[in-house]
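Before any comments, here is the structure.
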Amino acid sequence: MPSSLTDQSTYKTVHFSETVITELMIPSYSNFGGKIHGGILLSLMDKVAYVCAAKHAGNYCVTASIDAVDFLQPVEVGELVSLMASVNYVGNTSLVVGIRVISENIKTNLVKHTNTSYFTMVAKDENNEPVRVPGLILENRDHVRRFIEARRRKEIKQNYKQEVEKITVPDNYAACEQLLIGERCILSA
């Protein structure tokens, strides 16, 4: 909870902006293998992230980044997909929305967890400038865990970016050959 010296009117509960979107998976959403396109699921995830973030921020929000999206189980035509979103973390102008995706076969009642992902959203004002978002009131242990995990993912992401910037490829052809030993590629030049 915010300290007693903090203006709590600038804070919102996690519950305030929790959002669920449920949609029937129709044949036009499927790929050639008969499963739902990953892009359809990503679009729905982006939509629920926006609704959740905009509700918390009270402003238009844009997607700044998406942490890993792992497709854990296929989604079939005819299943109901539910996307459950909540604000897990807030910074100054950004917030992290956690999304859990499940699919349900309405004939068998089989429910499967298909995705979990984290969208970083940035709140914008009328001039398309970043705007401060309300703080977050953590109401239970799960909210605290999610906030701390999101903060840690943010730190890891920053470290990852710094490591990627250090990647260099040698100019020397022989050095490149050495780096590719054991890999499934052939140098043709």
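The values are calculated or read from the model by the stated rules, or taken from the named source; none is laboratory data. Model, not experiment: these values are computed from the prediction. Please note: Cβ atoms are built from the backbone with ideal geometry, for glycine as well, and neighbour counts cover all protein chains shown. Each accessible area value is taken on the protein alone, full model and side chains, heavy atoms only, with ligands, DNA and RNA left out. Shrake-Rupley method; radii C 1.70, N 1.55, O 1.52, S 1.80 Å.
Here's how it looks for VAL75: its modeled amide H is under 5 Å from those of ILE36, which are all 5 or more places away or on a different chain. Rounded to the nearest 0.05, the FRET efficiency derived from the C-beta distance between HIS113 and GLU177 at R0 = 41 Å is 0.40. Here the 3J(HN,Hα) profile of segment 39-47, calculated from phi with Karplus coefficients 6.51, -1.76 and 1.60 at θ = phi - 60°, is x, 5, 5, 4, 4, 5, 5, 4, 5 Hz, Gly and Pro shown as x.
Annotation: aspartates and glutamates with alpha-carbon distance below 17 angstrom to LYS112 (same-chain offsets under eight excluded): GLU23, ASP70, GLU76, GLU79, GLU104. With contacts taken as Cα pairs under 8 Å at a separation of at least 6 residues, the chain carries a relative contact order of 23 percent.
Surface analysis of the chain yields an accessible area of 63 Å² per residue, using protein heavy atoms and a 1.4 Å probe.
Apolar share of the accessible surface for the chain: 54 percent from carbon plus sulfur atoms, 1.4 Å probe. Peptides 132-144, 80-92 ordered by packing proxy, namely the average of other Cβ atoms within 10 Å per residue, highest first: 80-92, 132-144. Listed by chain and number, the aspartates and glutamates whose C-alpha is less than 14 Å from the C-alpha of LYS161, apart from same-chain residues fewer than 8 away, are ASP67. A straight Cα-to-Cα reach below 19 Å connects LYS12 with the lysines LYS55, LYS124, residues fewer than 8 places away in its own chain not being considered. Here the simple spin-label model places points 7 Å from the Cα toward Cβ, and for LEU42 and CYS185 these points are separated by 2.2 nm. DSSP loop trypsin sites (Lys or Arg not before Pro) in segment 35-113 with at most 13 other Cβ atoms within 10 Å of their Cβ, which ones? In loop regions of segment 35-113 (DSSP not H, G, I, E or B), the sparsely surrounded trypsin sites (Lys or Arg not before Pro) are LYS107.
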